[in-house]
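The values are calculated or read from the model by the stated rules, or taken from the named source; none is laboratory data. Bear in mind the structure is a predicted one, so any value in this text is a computation, not a measurement. Please note: Cβ atoms are built from the backbone with ideal geometry, for glycine as well, and neighbour counts cover all protein chains shown.
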Amino acid sequence: MIKKLIINVKNNNILIALLENNKLVEFYKNKKLNKNQISVGDIFIGKINYISKTMKAIFIDIGYIKCGFLHFYNLGIGNNLNLILYNKINNDTNKIKIKIGQKILVQILKEPINNKGPMLTCKINLIGRYIILIPFLKKILISKKIKKKKREIIKVIKKKYLKKFGFIIRTSCIELNNKFKLINKEIKILIKKWKLIKKKILCNLNINKIYSENNFYFSLLRDNLDNNYKYIICNNFYLYKELKKKIFFFKKKKINYYNNNNISIFDKYNINIQIKKYLGKKVYLYDGSYLIIEHTEALHVIDINSNMNFKKKNINSLNVNLIAMKEIARQIRLRNMGGIIIIDCIDMINDKHKKKIYKYLKKEMKKDKYKHKILPPSKFNIIQITRHRIRQELNINNIEKYTYYNNNHNINNTLNSNIIESPFFHIKKIENFLNFFFLKKKKNDIIFIHTHPFIASYIKYGLFSIRFKWFLKYKKWINIISRFSFNYLEYKILNNKNKCLLHFKY
């Protein structure tokens, strides 16, 4: 599998796209600098507003619109109780009583999502590529995925650092092959960070942000990059230089600068088209079937539809479900779905088919780095998934304004535009031409619209389709013709004399 990471700096935003075999699987967006923004890993001095014994939780004011939620479990035990700023980070391990109005040191565990405030923890840690520094726990924990032979790393850390700090050895240490220079380098960087944080705490005990990774892209690259990545491409020269300096664990030769002003970096790698195509309510699969994805406050529902005749095409429900499972696994990662996800499969009677689908989905979901659990298909052919989510969900509404298409083609003045936003907007452009043609010029010609099958089906879908509305408006039946050879955003409008009135090709 070839992985690419594309970084697009546009105005005050950094957009990051992760591609696997040129397919978009993850997408991240963030503003460069925003003091009011809250992200995972930020450390705050907060003030206890309310203690709920029934919920076993503490509500803490960290200067955000809504109070943060701190569960009793995340207060920590033993030395972690020192996180409460009663003794200003002393080494006293005596129990400290929690009171309303008391100052407390907390870290963002989960970003605010929808109407919920951020989730907090007192178990402070500073994350690195290979090591996680835990200031208040003098222990060494190690990933279960690391083999015994690799556990020599513990001996290296024990000699120098264990008396003062605790550490978690991450799975990424496997790629080091007993080269511990990078680990020592990273530990020194993390210790320097903690010393600066401690100074800030002792100097200022007001409610404020103590520490933040402003370069969100760095934390993203740190956690995602592995040997499977072919290269990183960035369209901003200053960011490109910064990446070369900071990402010491990645080969510098693989970090490239994109400086083509004629074609945007997202257009070059077909990212814009994939965003428009795969982040809508309806997602079409290559065999003609499609998914309907609905988002609610409580859960997410994915419905699989075949949209074909099984007898003619020699395709059964198992094949359609298998094709859908691969796309569903990608959609969950791409949209960052969290909580409860329900998949309504096409009916299957054979239990062997259900097991096969279950195993295939589990295999595809192994690529997902977030914790998740999948239940086997039920009697009603429904699969349930629970997935941990720490960031806001991605959808076409909150990403569309960041993406754009360059349109340098010479077309009718009524359609000239530098931005084509979505399939809906694309159809609106066609309708603008029809308005110009029928209402202003008062032509009686018969119109033929040749377009991509996805756009054609969207225009013709339903009893009161878009085409039917055009018929009522213009008193003319518009002929829609599917052309598989056309690009996604390509269309051609002809009259009954086979004369081309307009041809738009992206």
Report yes if N487 is more than 15 Å from L501 (Cβ to Cβ), in the same structural domain as F433 (by TED's automatic domain parsing) and of a type outside the set (K, R), otherwise no. yes
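Does segment 19-73 hold any residues that are closer than 19 Å to R333 by Cβ, part of a loop (DSSP other than H, G, I, E, B) and modelled with pLDDT of 85 or more, and which are they?
Within segment 19-73, the subset closer than 19 Å to R333 by Cβ is 19-30, 40.
Retained after the next criterion (residues that are part of a loop (DSSP other than H, G, I, E, B)): 21-22, 40.
Of everything in segment 19-73, those that are closer than 19 Å to R333 by Cβ, part of a loop (DSSP other than H, G, I, E, B) and modelled with pLDDT of 85 or more turn out to be N21, N22.
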Consider K473 carefully, then state whether it is buried (at least 17 other Cβ atoms within 10 Å of the Cβ) and at pLDDT 80 or above. no
Suppose we filter segment 112-132 for residues that are under 21 Å from K158 (Cβ atoms) and out of contact with any Asp or Glu (no Cβ under 9 Å at 6 or more places or on another chain); how many remain? 3
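Could you go through segment 367-378 and let me know if any residue there is assigned to a loop (DSSP other than H, G, I, E, B), at pLDDT 90 or above, in the same structural domain as V320 (by TED's automatic domain parsing) and surrounded by 18 or more Cβ atoms within 10 Å (Cβ to Cβ).
Of segment 367-378, the ones assigned to a loop (DSSP other than H, G, I, E, B) are 367-371, 375-378.
Now drop any that are not at pLDDT 90 or above, which leaves 375-378.
Right, trim to in the same structural domain as V320 (by TED's automatic domain parsing) and you get 375-378.
When the remaining residues are screened for being surrounded by 18 or more Cβ atoms within 10 Å (Cβ to Cβ), the result is 377.
Within segment 367-378, one or more residues are assigned to a loop (DSSP other than H, G, I, E, B), at pLDDT 90 or above, in the same structural domain as V320 (by TED's automatic domain parsing) and surrounded by 18 or more Cβ atoms within 10 Å (Cβ to Cβ).
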When both residues are 6+ apart or on different chains and their Cβ atoms are under 8 Å apart, which pairs have a first residue that lies in segment 179-194 and is under 25 Å from S212 (Cβ atoms) and assigned by TED's automatic domain parsing to the domain that holds Y161, and a second that is part of a helix (DSSP H, G or I) and not charged (D, E, K, R)? L182/L176; I183/I153; I183/V156; I183/I157; I183/C173; I183/L176; I187/I157
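For segment 446-465, which positions are in a loop (DSSP other than H, G, I, E, B), of a type in the set (A, V, I, L, M, F, W, C) and surrounded by fewer than 21 Cβ atoms within 10 Å (Cβ to Cβ)?
To start, the set of residues in segment 446-465 that are in a loop (DSSP other than H, G, I, E, B) comprises 446-447, 452, 461-465.
Those still in the list that are of a type in the set (A, V, I, L, M, F, W, C) too: 446-447, 463-464.
Hits for segment 446-465 are I446, L463, F464.
Have a look at L120, L141, L133, L126 and point out the one that is modelled with pLDDT of 80 or more and either surrounded by fewer than 20 Cβ atoms within 10 Å (Cβ to Cβ) or on the phi > 0 side of the Ramachandran plot (or both).
Numbers: L120 fails: either surrounded by fewer than 20 Cβ atoms within 10 Å (Cβ to Cβ) or on the phi > 0 side of the Ramachandran plot (or both); L133 fails: either surrounded by fewer than 20 Cβ atoms within 10 Å (Cβ to Cβ) or on the phi > 0 side of the Ramachandran plot (or both); L126 fails: either surrounded by fewer than 20 Cβ atoms within 10 Å (Cβ to Cβ) or on the phi > 0 side of the Ramachandran plot (or both).
Exactly one of L120, L141, L133, L126 is modelled with pLDDT of 80 or more and either surrounded by fewer than 20 Cβ atoms within 10 Å (Cβ to Cβ) or on the phi > 0 side of the Ramachandran plot (or both), namely L141.
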Identify all residues within segment 482-506 that are surrounded by 13 or more Cβ atoms within 10 Å (Cβ to Cβ) and either in contact (Cβ under 8 Å) with a residue 60 or more places away in the chain or not in a loop (DSSP other than H, G, I, E, B) (or both); write none if there are none. S482, Y488, L489, Y491, K492, I493, L494, L501, L502, H503, F504, Y506
Qualifying residue in segment 391-411 (condition: in contact with a helix residue (DSSP H, G or I) (Cβ under 9 Å, 6 or more places away or on another chain), hydroxyl-bearing (S, T, Y) and either surrounded by fewer than 16 Cβ atoms within 10 Å (Cβ to Cβ) or modelled with pLDDT of 90 or more (or both)): no
Among the strands (runs of 3 or more DSSP E) contained in segment 240-351, which hold 3 or more residues that are surrounded by 13 or more Cβ atoms within 10 Å (Cβ to Cβ), touching an Asp or Glu at 6+ places or on another chain (Cβ under 9 Å) and modelled with pLDDT under 85? none
Over segment 86-117, the set of residues modelled with pLDDT under 80 and either assigned by TED's automatic domain parsing to the domain that holds H388 or farther than 29 Å from S219 by Cβ (or both) is Y86, N87, N90, N91, D92, T93, N94, K95, I96, K97, I98
Identify the single condition in (1) part of a strand (DSSP E or B); (2) surrounded by fewer than 15 Cβ atoms within 10 Å (Cβ to Cβ); (3) not charged (D, E, K, R) that L5 does not satisfy, given that it satisfies every other one. (2)
Would it be correct to say that I154 is aliphatic (A, V, I, L, M), part of a helix (DSSP H, G or I), at pLDDT below 85 and over 29 Å from the mean Cα position of the chain (by Cα)? yes
